[in-house]
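Report on the following structure.
The values are calculated or read from the model by the stated rules, or taken from the named source; none is laboratory data. Everything quoted here is computed from the prediction, not taken from an experiment. Heads up, the Cβs are rebuilt from the backbone with ideal geometry, glycines too, and the neighbour counts pull from every protein chain shown. With ligands, DNA and RNA removed, areas are computed over all heavy atoms of the protein, side chains included. Shrake-Rupley method; radii C 1.70, N 1.55, O 1.52, S 1.80 Å.
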Amino acid sequence: MSLTAFFESLAFPPDVFQQVAAEAIESGESVVVAAPTGSGKTLVAEVAVHLAMERGRRAFYTTPLKALSNQKFADFRNAYGESRVGLLTGDNSLNGDAPIVVMTTEVLRNMIYTDPGTLEDLDTVILDEVHYLQDRFRGAVWEEVIIHAPTHVQMVCLSATVSNADEFTEWVRTRRGPTTLVLEENRPVPLESLYAVKDRFQDEGLIVEPLLVRRGGRVDPNPDIVRMFSRRGTRRRYATPRRGEVVATLAAAQMLPAIYFIFSRAGCEDAAQRLADGGVSLTGPDQRSEIRQLVEARTGHLDDQDLTVLGYDRWLSQLQQGVAAHHAGLVPAFKETVEELFLKGLIQVVFATETLSLGINMPAKTVVLENLSRFTGQTHEILRPGDYTQLTGRAGRRGIDVQGYGVVLYSRFIDFDRVAGIASAGMHALRSSFRPTYNMAANLVANYSQVEAERLLRASYGQYQRRRSADSLRRALAKQEKRLARLQRDAQCERGDVAEYVDLLRDGAGHKEAAAELLRNLRLGQVFEIPGGKRSGRYVVVKKWRGADPPRVVVVSEKGKVFQFRSGDLGPGPVPLGSISLPKPYQPRDSRFRQRVASALRGFRPASAERVGRVYSDPAAGHAVASCPDRSSHVEAARLAQRAEREATRLRHQLTVEGEGLVAEFRAILDLLTEWGYVEGWGLTAAGERLRFIYNELDLLVADAVATGVFTDLDPAETAALASCFVFEPRVDQVEPRLPTARLDEGWDRIWSRYEALRRAERGRRLPETREPHSGFGELVFAWAHGENLESLLGDDDLAAGDFVRTCRQLLDLLRQLRDATPDLREQTADAIRMLDRGVVAAGGVT
């Protein structure tokens with residue numbers, strides 16, 4: 001079938017941008033298509049697959065998400081038949097030799113490095129959501145594919161609208177040859193941005209007005225709203241509209257279905273339940289019956305006990321009222337059911353976190369943004385214009401709506417002018433997150449000469465942008481030097497030399513031993529202070545392991561955060577200050593208990609300096625700065641100043657090597673790998689060969705655990721528990737419970753010791769620091785491997801069921817890597833996989 005015949009077979013005529021892209025693909029060029037969400041980029045991918053089939057060759061369709069891969073897999077099977085379509089993800093390998101294969105982008109990267117022979121008959125690669133390359137954890141994979149894929153492979157890059165699409169296309173052209181940029185800025189359904197605010201002084205209550213107005217060729221904030229907020233008394237008069245009010249207003253204005261973005265899982269769940277409890281009914285009898293039938297079909301593989309733990313009855317009731325929550329804490333079956341119901345028009349309101357904006361096909365008539373600020377886990381940040389464009393991109397269903405709506409709710413924390421600026425700015429620039437990793441370095445050594453490997457690094461989009469960013473580096477350096485001067489002023493103390501005092505704290509003889517001794521002697525309820533550093537502040541002990549070596553305690557800070565401390569975490573000079581009475585009943589895992597402890601700590605008044613001195617002798621206690629009441633702030637400023645000086649030095653170095661930053665980082669990684677026994681000259685040791693096949697954020701730490709025998713003699717359940725330390729990341733500060741066996745405790749201590757050694761090695765080479773491993777999932781996964789049910793595991797735990805399933809799936813992926821890369825561990829990892837891959841965890845794969 002020719003391209004003309006393909007287009008004639010469609011139920012609708014293609015848009016101009018789709019035709020231009022298709023003609024470029026037919027001519028053999030690579031293409032970059034940047035277009036708004038819902039504009040029809042998928043048709044370009046379908047054209048590419050069709051043309052590859054016409055040539056009798058293969059096509060790979062890559063996505064950033066397993067759920068999106070599953071969706072595309074189903075779409076292509078419907079179009080081409082089951083025998084011609086395969087799926088490859090970390091969870092599944094189905095018909096991988098088929099002419100059309102859908103996969104996650106990481107799978108293709110791994111094939112390029114380890115089995116390039118399978119790509120000889122590959123014609124086309126579709127990189128969906130290619131703007132994902134700016135993701136700081138996974139983005140490098142997209143660049144690796146573009147750089148290292150065989151030269152005969154045609155690339156079809158599908159991206160959201162970005163402001164520097166021409167720059168990105170120029171870079172792709174340097175790697176893949178002739179490449180056409182197809183840029184579509186017009187939305188298929190026009191978007192109107194609205195602003196909603198509650199007026200406490202008016203009966204009608206809710207004001208919904210256009211956010212922006214167009215004046216000639218210019219877009220400005222709505223002057224009526226600007227005047228409204230310029231009056232006196234606005235803080236008392238205006239408020240954020242309640243969720244029920246917003247939904248009722250949208251329903252009355254026939255602006256449903258809606259996706260209501262709330263950047264909090266708990267907020268989404270609460271909103272859906274409150275709306276349902278309020279008696280809202282957005283469905284009719286026939287729809288409720290259809291919803292029940294579909295829900296029962298999609299959850300039939302889950303047993304009744306698991307469904308009870310997952311809150312099935314409450315969830316079904318919400319769905320039948322036309323309301324749902326959608327977030328990463330839901331198990332896959334629940335998330336996918338919500339998506340299908342919404343797509344069928346059976347759900348009218350979905351309260352969702354921003355994860356819904358990635359890829360999955362869920363268009364709505366209206367998108368509501370409750371807030372333009374979101375919590376990142378460490379701080380609150382304002383949405384960028386591109387984030388606003390991405391989130392509201394789902395508003396307006398092509399072929400159904402003539403207008404889509406993006407509704408921003410009033411917040412007294414964000415000025416209206418700033419909201420209007422974000423909504424009117426449109427796109428943001430695509431920024432590379434590419435950096436060499438330990439695994440990447442090992443694969444470069446294995447596949448290329450040193451000259452060729454460094455040439456390829458220089459050819460990355462990251463390096464391409466670095467060469468163009470010298471001015472930005474100079475501005476960053478000036479800002480850092482200004483910050484350094486401020487910190488140096490803050491570090492000055494009239495009583496003495498703070499730098500000298502910090503040196504005494506750092507170099508004081510035996511301070512680690514003293515800190516360990518302090519931890520051994522601490523009692524429940526005892527308060528101590530860390531005078532400086534990242535963890536400076538006061539803490540109270542709420543849990544202690546008797547006889548643990550090295551000693552460990554769990555503490556609560558004045559802000560109510562929970563930490564587990566070893567002696568190395570305290571730094572030099574921790575000072576005990578006295579004790580408080582812990583609340584009763586004693587429930588250290590309960591958040592309310594911890595908040596009561598934090599409140600008591602904030603009201604605590606320490607013992608006299610003389611008593612403190614008798615309890616603990618600080619190596620630097622005799623220095624004049626030690627008696628300063630502002631000692632902690634001086635020390636913290638001095639240490640921050642030292643870091644700022646190091647950062648300024650780094651920026652100066654980066655400017656001097658202009659254009660060689662990634663290569664210099666790669667050489668530093670090679671130096672570390674050589675010291676650790678993974679590289680010899682320009683070749684890999686046996687440990688280095690193993691590292692090639694470990695695809696994990698903590699890749700070197702995983703490979704090191706294998707090389708140093710940490711997994712030796714563990715049974716399968718222990719193997720799974722210890723391996724979980726490399727995949728689990730708590731969403732909030734979490735107590736790391738004691739692991740369930742002595743062998744696991746010993747293994748965890750060895751991993752932590754090697755992590756600290758790795759962190760020192762990275763700091764010495766100015767490399768990005770590997771994130772910390774975390775043992776907080778080990779107890780759960782150990783119990784699951786031994787047959788515990790979901791209810792007993794999650795009943796008293798803050799971990800959501802969806803997080804449990806997702807972490808287990810990630811753990812299974814790592815265990816498969818260890819099984820395939822390490823013959824000595826093959827039996828115990830295979831058994832661990834079998835023990836974990838059951839029940840709701842097994843249901844997390846493709847259905």
Filter the range 348-364 down to residues that are modelled with pLDDT of 70 or more, open to solvent by 10 Å² or more (accessible area, probe 1.4 Å) and not β-branched (Val, Ile, Thr) and give me whichever is farthest from LEU256 (Cα to Cα). GLU354
Is there a residue in the range 128-150 that is part of a strand (DSSP E or B), out of contact with any Phe, Trp or Tyr (no Cβ under 9 Å at 6 or more places or on another chain) and surrounded by fewer than 23 Cβ atoms within 10 Å (Cβ to Cβ)? no
Closer than 28 Å to LEU815 by Cβ, open to solvent by 10 Å² or more (accessible area, probe 1.4 Å) and of a type in the set (Asp, Glu): is that true of ASP121 in this structure? no
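Which of the strands (runs of 3 or more DSSP E) found entirely inside the range 30-111 contain at least 3 residues meeting this: not β-branched (Val, Ile, Thr)?
Output list reads 58-63, 85-88.
Report whether or not THR366 is of a type outside the set (D, E, K, R), within 27 Å of the chain's Cα centre (by Cα) and closer than 20 Å to ALA395 by Cβ.
yes
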Got a sec? Which of PHE334, PHE342 is out of contact with any helix residue (DSSP H, G or I) (no Cβ under 9 Å at 6 or more places or on another chain) and in a helix (DSSP H, G or I)? PHE342
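Have a look at ASP417, ASP401 and point out the one that is of a type in the set (D, E, K, R), surrounded by fewer than 21 Cβ atoms within 10 Å (Cβ to Cβ), in contact (Cβ under 8 Å) with a residue 24 or more places away in the chain and within 26 Å of PRO257 (Cα to Cα).
Unique residue meeting the criteria: ASP401.
Is it fair to say LEU811 is open to solvent by less than 10 Å² (accessible area, probe 1.4 Å), in a helix (DSSP H, G or I) and closer than 30 Å to HIS653 by Cβ? Can you show your working first?
On the way: open to solvent by less than 10 Å² (accessible area, probe 1.4 Å): yes; in a helix (DSSP H, G or I): yes; closer than 30 Å to HIS653 by Cβ: no.
So LEU811 fails the test.
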Of the residues ARG435, ARG374, ARG466, ARG412, which single one is open to solvent by 10 Å² or more (accessible area, probe 1.4 Å) and part of a helix (DSSP H, G or I)? ARG466
Residues satisfying the stated conditions in the range 303-329, i.e. at pLDDT 90 or above, assigned to a loop (DSSP other than H, G, I, E, B) and hydrophobic (A, V, I, L, M, F, W, C): LEU310
So GLN19, is it surrounded by fewer than 24 Cβ atoms within 10 Å (Cβ to Cβ), closer than 24 Å to GLY96 by Cβ and out of contact with any Cys (no Cβ under 9 Å at 6 or more places or on another chain): no
Do you know which of the residues in the range 22-66 that are open to solvent by 10 Å² or more (accessible area, probe 1.4 Å) and among the β-branched types (Val, Ile, Thr) is modelled with the lowest pLDDT? THR37
Quick one: which helices (runs of 4 or more DSSP H) lie wholly within the range 196-292 and hold at least 2 residues that are open to solvent by less than 70 Å² (accessible area, probe 1.4 Å), within 24 Å of LEU316 (Cα to Cα) and in contact with a strand residue (DSSP E or B) (Cβ under 9 Å, 6 or more places away or on another chain)? 243-252, 265-277
Can we say GLU675 is more than 28 Å from the chain's Cα centre (by Cα) and charged (D, E, K, R)? yes
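Between ARG750, ARG819, ARG760, which is surrounded by fewer than 17 Cβ atoms within 10 Å (Cβ to Cβ) and within 19 Å of ARG690 (Cβ to Cβ)? I'd like the intermediate steps shown before the answer.
Numbers: ARG819 fails: surrounded by fewer than 17 Cβ atoms within 10 Å (Cβ to Cβ); ARG760 fails: within 19 Å of ARG690 (Cβ to Cβ).
Just a single option satisfies the conditions, and that option is ARG750.
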Hey, does the range 155-168 have a residue that's in contact with a Phe, Trp or Tyr (Cβ under 9 Å, 6 or more places away or on another chain), closer than 30 Å to LEU691 by Cβ and open to solvent by 20 Å² or more (accessible area, probe 1.4 Å)? no
Could you go through the range 93-100 and let me know if any residue there is among the small types (Gly, Ala, Ser) and open to solvent by 20 Å² or more (accessible area, probe 1.4 Å). yes
Those residues that are open to solvent by less than 80 Å² (accessible area, probe 1.4 Å) and free of Cβ contacts under 8 Å to residues at least 60 places away in the same chain, I need them from the range 592-608; list them, please. PHE593, ARG594, VAL597, ALA598, SER599, GLY603, ALA607, SER608
How many residues, within the range 549-590, are more than 18 Å from ARG538 (Cβ to Cβ) and in a strand (DSSP E or B)? 2
Report, by residue number, each residue of the range 770-793 that is in a helix (DSSP H, G or I), of a type outside the set (Gly, Ala, Ser) and crowded, with 18+ Cβ neighbours inside 10 Å. GLU779, LEU780, VAL781, PHE782, TRP784, LEU790, LEU793
Could you please give the count of residues in the range 659-694 that are in a loop (DSSP other than H, G, I, E, B), free of Cβ contacts under 8 Å to residues at least 12 places away in the same chain and in contact with a strand residue (DSSP E or B) (Cβ under 8 Å, 6 or more places away or on another chain)? 1
Taking the criterion of being at pLDDT 85 or above, under 30 Å from GLU746 (Cβ atoms) and not in a loop (DSSP other than H, G, I, E, B), would at least one residue in the range 515-535 satisfy it? yes
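Mind listing just one residue for me: the one in the range 76-86 that is in contact (Cβ under 8 Å) with a residue 12 or more places away in the chain and open to solvent by 10 Å² or more (accessible area, probe 1.4 Å) and, of those, nearest to CYS157 (Cα to Cα)?
PHE76
Listed here are the residues, each with its yes/no results for (1) over 25 Å from THR389 (Cβ atoms); (2) within 28 Å of the chain's Cα centre (by Cα).
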position: ASP128; (1), (2): no, yes
position: VAL153; (1), (2): yes, no
position: VAL182; (1), (2): no, no
position: PRO221; (1), (2): no, no
In the range 11-29, the residues that are within 30 Å of THR392 (Cβ to Cβ) and touching a helix residue (DSSP H, G or I) at 6+ places or on another chain (Cβ under 8 Å): PRO13, PRO14, GLN18, GLN19, ALA21, ALA22, ILE25
Given the structure, is GLY426 farther than 21 Å from VAL172 by Cβ, touching a Pro at 6+ places or on another chain (Cβ under 9 Å) and modelled with pLDDT of 85 or more? no
